[in-house]
Amino acid sequence: SENAAVAQALLDNLVGRGLDPAVCRLFIIDGAKALSKAIRNTFGRDTPIQRCQVHKARNIAERLPKSLQAGVRKALRQAWELDDADKAEKLIRNLARRLERDAPGVSASILEGLDEILTVTRLGLPVELRRSLACTNIIENMNGTVRRVCRNVKRWQDAAMALRWTAAAMLEAAKGFRRLKAHKQLPSLRRALAAHQDRNAINHDLEQQAVAA
């Protein structure tokens, strides 16, 4: 699709400018399937992707009757605050089952992308760092600045012009950047990503040995 092509082109451009696809990174996205697919195509099928929990909760709540919204939001928050990813997943699945009768479409939506909604928990990150990295809020302010600056343009001449204005807007947004609240815990993210990469390397070796046998 067009969205998939755009997402892939974006990542190809980043790699072409020096982003090493062999380095294990945590990608935090809003839930776009095309972007998730492009990330895995570029950086590997086991690349950690965290889907924004704020977007997820909002999308679910908007499809529910008001009488159910508060309870569902509370259940999701409880799941996301757990240190045990398996227990968190079980809680979310139980929530989906409870909604099967009253809101079957929402029940399916809760389970959609479940493998990506608990990534920061599966990585074993401290709870404070999980709260910062479990959503895209850390870039929403920059996105808002880009929209505010670029809305002054009435006619876009070409892609180069769009890039220049976007870059100018990002420089403007950078003036208001602040440290991540849990920035002192970032070394734990590096360790978790290294461990994740090592585990998957071992699993791939075992798979290849099994195929060869």
*Only one of these is β-branched (Val, Ile, Thr), under 24 Å from GLN53 (Cα atoms) and under 19 Å from the mean Cα position of the chain (by Cα): THR145, THR119. Name it.*
THR119
*Looking at ARG131, ARG155, which one is exposed (fewer than 11 other Cβ atoms within 10 Å of the Cβ) and of a type in the set (Lys, Arg)?*
ARG155
*Residues of the stretch 20-31 being modelled with pLDDT under 95 and more than 18 Å from the chain's Cα centre (by Cα), which ones?*
ALA22
*Report whether or not ASP12 is free of Cβ contacts under 8 Å to residues at least 12 places away in the same chain and among the acidic types (Asp, Glu).*
no
*Check the stretch 59-76 and report whether any residue there is surrounded by 12 or more Cβ atoms within 10 Å (Cβ to Cβ) and either touching a strand residue (DSSP E or B) at 6+ places or on another chain (Cβ under 7 Å) or closer than 23 Å to ARG40 by Cβ (or both).*
yes
*What number of residues within the stretch 167-213 satisfy the criterion of being touching a Pro at 6+ places or on another chain (Cβ under 8 Å) and either surrounded by fewer than 13 Cβ atoms within 10 Å (Cβ to Cβ) or hydroxyl-bearing (Ser, Thr, Tyr) (or both)?*
1
*Tell me which residues, restricted to the stretch 85-109, are β-branched (Val, Ile, Thr) and at pLDDT below 90.*
VAL106
*asked:* Looking only at the stretch 1-28, count every residue that is hydrophobic (A, V, I, L, M, F, W, C) and closer than 17 Å to LEU125 by Cβ and tell me the total.
replied: 4
*Has the stretch 98-110 got any residue that is within 28 Å of GLN197 (Cα to Cα) and of a type in the set (Gly, Ala, Ser)?*
no
*How many residues, within the stretch 112-124, are of a type outside the set (Ser, Thr, Tyr), surrounded by 15 or more Cβ atoms within 10 Å (Cβ to Cβ) and assigned to a helix (DSSP H, G or I)?*
5
_Test set (1) surrounded by fewer than 18 Cβ atoms within 10 Å (Cβ to Cβ); (2) within 21 Å of the chain's Cα centre (by Cα); (3) farther than 30 Å from ARG178 by Cα - ARG98 fails condition number_ = (2)
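The values are calculated or read from the model by the stated rules, or taken from the named source; none is laboratory data. This is a predicted model, so every value here is computed, not measured. Cβ sites come from the backbone with ideal geometry, for glycine too, and all protein chains shown count toward neighbours.
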